[in-house]
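Visitor: This is the structure I have questions about; it appears just below.
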Amino acid sequence: MTINETKPAVDRARWLEGAEFADAFCIVVDDDPIDARTAATRMFSRSPRWVEALLGLRNLLVTPLGLKTSGAGDCGALGLIGMFPVISEKPAQLVAGLDDSHLDFRVVIDVTAAREGRQVTATTLVRTHNLLGRCYLTLIKPFHRLVVKAMLRQVATAA
């Protein structure tokens, strides 16, 4: 089960106009009936313990700054996937994300046909609003890469 970094292929203007950060990672899974919601649910409904610990630390540090710790208050008609409000959903693509005072982000889960199974791609888009957002993004980038890869592994291991 190999996770590859790939060029982000989503429409930035559609999902997060002005995004200054984008990355994408993909994995091929031997699970033909998988759709984007299933992949996103496998990724975000449970986390490895070390990811939960990082998220707990993050929430502890940002709460005094007034930053959001989940999307529960923003839950729209499409519901939540893990802690992220779903913004758009089609069988082959699910978009979730949050807007906050320091930055806005989107995670786009795409599922496409692959030679052996289905390819699941997770693309992250981020638009910062201020110095706090830029500092926050700089601090989390190294962890972000590790977390996305760990979450993508869950798509394959849950199959």
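Visitor: For the range 122-133, what are the residues that are more than 15 Å from Thr41 (Cα to Cα) and either among the acidic types (Asp, Glu) or touching a residue at least 12 places away in the same chain (Cβ under 8 Å) (or both)?
Guide: Thr123, Thr124, Leu125, Val126, Arg127, Thr128, His129, Asn130, Leu132, Gly133 - these are the residues of the range 122-133 that are more than 15 Å from Thr41 (Cα to Cα) and either among the acidic types (Asp, Glu) or touching a residue at least 12 places away in the same chain (Cβ under 8 Å) (or both).
Visitor: Follow-up. How many residues are charged (D, E, K, R) and either open to solvent by less than 70 Å² (accessible area, probe 1.4 Å) or within 19 Å of Leu80 (Cα to Cα) (or both) when one looks only at the range 1-46?
Guide: Qualifying residue count for the region: 6.
Visitor: If a residue must be at pLDDT 90 or above and under 17 Å from Phe44 (Cβ atoms), how many such residues does the range 89-103 contain?
Guide: The total comes to 6.
Visitor: Return the pair list, or none, for Cβ contacts closer than 6 Å from residues in the range 147-159 that are closer than 13 Å to Ser45 by Cα to residues that are modelled with pLDDT of 90 or more and open to solvent by 10 Å² or more (accessible area, probe 1.4 Å), at least 6 apart or on different chains.
Guide: Listed pairs, sorted by first residue: Leu152/Ile3; Gln154/Arg42; Val155/Arg42; Ala158/Arg42.
The values are calculated or read from the model by the stated rules, or taken from the named source; none is laboratory data. Because the structure is predicted, anything quoted here is derived from the model rather than measured. Cβ coordinates were reconstructed from backbone atoms using ideal geometry, including for glycine residues, and neighbour counts include every protein chain displayed. The protein model used for the area step is the full one, side chains on, heavy atoms only, and it has no ligands, DNA or RNA in it. Shrake-Rupley method; radii C 1.70, N 1.55, O 1.52, S 1.80 Å.
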